[in-house]
Structure formats: structure tokens, C-alpha cells
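Below: one structure, written as C-alpha cells.
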Amino acid sequence: MNSNTNPFHVVTLIAAILASLAFISAGCSTIPKEKNRETFLAESDAALDYFKENVPGLELQIRESAGYAIFPGVGQWGIIFLGGEFGRGTVNTSDGGQVGWAAVNTASLGLQLGAQGMKMLVIFEDDDTFEEFRENKLSGSASATAVAVDAGAAGQAQFVNGVAIYIGGQAGLMAGVNVALDYMRYKPMSQGGEITKED
């Protein structure tokens, strides 16, 4: 190992690798339990409203897209494996119709644990990108635009690698959070929403 290597970076990299291996190898339910589902869907709607209220032009951006995934409370609606949290979300077409469920490993967000309640919106620019996501083949990364009520209206996120990403609802969120897209997983409603190692 290079003597100039920062030990903190090495530890961070190892933690991210372990969390990602756990995400691949362990089954992770992307669907909230039946008793929590109504609350989860209501919180998803509220999270989407939060972004619409604080990002001018967002409704048009969504309407002109192929679809979106909304994560109402990363950490709150998640499971912890080896220090990595998994957030659950709903996947919808641009007109708001739900087509499936999503999960994201917070190791891909570059955030510390404790980001409970953070909201995230991922918009898919076109049909090809949306289909890649729904086949669990999306790759690359994109920076997220931070949205905060007390910081004034946020600018519209630009599409990078076919996605535009917004995060918000968590005190101290910083702009420039980079999201690894291959850490997001999708399950259609028809398959029960269970992510397994075969995925």
C-alpha cells in the first residue's frame, strides 16, 4: 500500500464494499409490511409534494420524463446490514402511476449513518434509462441537488447518466452528494418486491 494513502479513505472504502456485498448477497424486502404500507405510500406522496413545493418547474420536469422513484425516508424505512442502511421507495411512471418498488443502499449516497428521514427523488430522463433501471442494469453515478425549506427555492437538477436526483428533508445536507446508480434496485409490483441475491 502506498505510504501516502489516507487510512480514513481506506476504512471508508472497505465499509462501502462490505455494505454493497451485503446488499447483493442478502435478501432485502423493498416493500413495507402490509400494516405499514398505507403510511408508507402517504409519506411517499408527501415527500413528492415537498420537492414540488421547493423546486420550481419540477412538475414539468417529471411530466416530461419517463418516470421517477421517490424514497420518503431513507433510514426510517430501511434495514441495516453491516452498517449500511437501505431505503425503500416507490417507482412510478411520469403520470404518477405506481409500477414497482425500489431500494437503495445508503453507502451509495456518501452519507454518514444517521440520515434517518432523508427524502430522495430520482427522475429518469427517458424510456431507455427507465428500462435499464427496471432491469437492474443502471450504472454510473450522478450528483444530487440538495433541497432545504429554509434555503429558498432550489434549482432544477440536471440529467446526468439519464437521471436527475434531489435530496432533502435532513438538516445539514450538503450539495454535491454523489449517488452510485448501480446501488439502486427495482422490483415490479407483480413479483412481490423481494430483492434476492439472484438479482
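The values are calculated or read from the model by the stated rules, or taken from the named source; none is laboratory data. Only a predicted model underlies this, so the values are computations on that prediction, with no experimental measurement involved. In this analysis, Cβ positions are derived from the backbone assuming ideal geometry, glycine residues included, and neighbour counts consider all displayed protein chains.
Only residues that are free of Cβ contacts under 8 Å to residues at least 60 places away in the same chain, within 26 Å of GLU132 (Cβ to Cβ) and surrounded by 19 or more Cβ atoms within 10 Å (Cβ to Cβ) were counted in the stretch 36-66, giving 2. Name the residue that is modelled with the lowest pLDDT, counting only residues in the stretch 190-199 that are outside any loop (DSSP other than H, G, I, E, B) and closer than 21 Å to VAL74 by Cα. Residue satisfying both the conditions and the ranking: ILE195. The number of residues in the stretch 165-189 that are surrounded by fewer than 19 Cβ atoms within 10 Å (Cβ to Cβ), at pLDDT 75 or above and of a type outside the set (A, V, I, L, M, F, W, C) comes to 3. Among the residues making up the stretch 139-164, those that are part of a strand (DSSP E or B) and either within 17 Å of ASP182 (Cβ to Cβ) or at pLDDT 85 or above (or both) are SER141, ALA142, SER143, ALA144, THR145, VAL147, VAL160, VAL163, ALA164.
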